1. Filter segment 22-38 for residues that are over 16 Å from residue 229 (Cβ atoms), of a type in the set (A, V, I, L, M) and touching a Lys or Arg at 6+ places or on another chain (Cβ under 6 Å) and give the result.
2. Would you be able to tell me the number of residues in segment 365-384 that are surrounded by fewer than 18 Cβ atoms within 10 Å (Cβ to Cβ), in contact with a helix residue (DSSP H, G or I) (Cβ under 7 Å, 6 or more places away or on another chain) and within 14 Å of residue 37 (Cβ to Cβ)?
3. When residues of segment 365-381 are filtered for being in a helix (DSSP H, G or I) and more than 21 Å from residue 315 (Cα to Cα), how many remain?
4. How many residues does segment 204-232 contain that are assigned to a loop (DSSP other than H, G, I, E, B), in contact with a helix residue (DSSP H, G or I) (Cβ under 7 Å, 6 or more places away or on another chain) and within 11 Å of the ligand (Cβ to nearest atom)?
5. Starting from segment 60-71, take each residue that is more than 16 Å from the ligand (Cβ to nearest atom) and list its partners that are part of a helix (DSSP H, G or I), counting only C-beta distances under 6 angstrom and pairs at least six apart or across chains.
6. If residue 59 satisfies every condition in (1) over 20 Å from residue 16 (Cα atoms); (2) modelled with pLDDT of 95 or more but one, which is the exception?
7. Can you pull out the residues in segment 355-384 that are away from the ligand (no atom under 16 Å from the Cβ) and of a type in the set (Phe, Trp, Tyr)?
8. Give me the residue from segment 12-49 that is charged (D, E, K, R), surrounded by fewer than 17 Cβ atoms within 10 Å (Cβ to Cβ) and away from the ligand (no atom under 16 Å from the Cβ) and, out of that set, farthest from residue 375 (Cα to Cα).
Amino acid sequence: MTDNTLITLNENALENNIDFLNKKLGPKVKISAVVKANAYGHGIEQVVPLFEKYGIEHYSVFYYHEAIRVYKSIKKPASILVMGWLWDNNIRDAIEKGIEFFVFNIERLNLAIKYAKELKTIARIHLEAETGMNRSGLNVDEFAQAMSIIKENISNIEIAGFCTHLAGAESISNHFRIQKQLKTYNKMLASLEANNLHPEYKHVANSAAAFVYPKARMDLVRIGIMLYGFWSSTEVFIQYMNSNGIKKDPLKRILGWHSQIMSIKKVKSGEFVGYGISYLAQSDITTALIPVGYSFGYSRSLSNKGRVLIHGHRCSVIGVVNMNMIIIDISNIENVKVGDEVVLIGKQGELEIKVSAFSEISDELNYEILAHLPESIKRKVINQ
Ligand SMILES: *Cc1c(COP(=O)(O)O)cnc(C)c1O
């Protein structure tokens, strides 16, 4: 655990986001909180108990080991869904624990049945349909085969969900492709129901689809990025703001990232700072060294570009981002001391460094920056 840098999680912001989503989606649409990639960098162990406190009862992850972390973090009964990877022998354990998982091939379906029979129980699965993303999912032939296998083994298998994933609902350029996917999904759903197989939940939407295509909400939405206070894309944000005639972002960001000054130095005009020749002091300057670098997910592409907040002022990263350090120009701020707080993401005084500001400079998505925040950084829940 590294303790010279701290990630804060704002509980009030989290509550605000859940309230907003509940209000917009209505009581008939259940939210599955997507907590893959360590809850988008926020920390599964810290965020899941808060989600639970504010009424979330359904969680989606990618890996089985993440499902286990969620399983250990909840106190009340909830559904946990693995959308991606499990080892074959995890399937048995998952069924035993009541953990649900996507089935996107016949092999996994057969294993689920085999283990459910051994355990004399029922495996709860989500049939994933291939509807045009061409990533994972049962194609029409496999789907027909899956239906007949399920009908033969109906005492050991339960269709907890029938689902698909849409290939980029956050951009209007994918509109036709998405419409086609929805059509294919509905056709496959009709054939499932014609076979007297009725999934408990029908779900296709992530954050973007839930807002851009209200029809795609069905009875469950898999919401990740919006729970954490971000819109999937500027396009989705602008569309929502315009069509609702509002000016203030209804979502609030949960995460802040803080560090502190490790040392302070004076550099004479004409000297290079840091590795190589990427930054030349044009005048006498004062620099602060911060113990955070690319090994913490502070991207190297922020070299000579990134900004941090110190004493409520915006200050520039100078020179290249090192593995464990960045150098900041603090020439224009008075009375700065070793140990003073540095904000890498979040608010200090009147100013804010947004993850999006970060990503515009470094060409990374919000998603990518958040997912890169290392698990080793301490997380602390705050109310602000
Ligand atoms: C990550 C993911 C989501 C959540 O996406 P957001 O854009 O963060 O809401 C939903 N469904 C699947 C299959 C995913 O992989």
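The values are calculated or read from the model by the stated rules, or taken from the named source; none is laboratory data. Remember, predicted model here, so these are calculated numbers, not experimental data. Cβ coordinates were reconstructed from backbone atoms using ideal geometry, including for glycine residues, and neighbour counts include every protein chain displayed.
1. Selection gives 29 alone.
2. Residues in segment 365-384 being surrounded by fewer than 18 Cβ atoms within 10 Å (Cβ to Cβ), in contact with a helix residue (DSSP H, G or I) (Cβ under 7 Å, 6 or more places away or on another chain) and within 14 Å of residue 37 (Cβ to Cβ): 4 in total.
3. Within segment 365-381, the subset in a helix (DSSP H, G or I) is 366-371.
Restricting the remaining residues to those that are more than 21 Å from residue 315 (Cα to Cα) gives 366-368, 370-371.
Total meeting the criteria: 5.
4. To start, the set of residues in segment 204-232 that are assigned to a loop (DSSP other than H, G, I, E, B) comprises 204, 206, 213, 218-219, 224-232.
Restricting the remaining residues to those that are in contact with a helix residue (DSSP H, G or I) (Cβ under 7 Å, 6 or more places away or on another chain) gives 204, 213, 224-232.
Still in the list and also within 11 Å of the ligand (Cβ to nearest atom): 204, 224-228, 230-232.
Total satisfying the criteria: 9.
5. Here the result reads 69/44, each pair linking segment 60-71 to a residue that is part of a helix (DSSP H, G or I).
6. Just one mismatch for residue 59, condition (1).
7. Step one: filter segment 355-384 for residues away from the ligand (no atom under 16 Å from the Cβ), giving 357-358, 360-363, 374-384.
Matches in segment 355-384: 358 only.
8. 28
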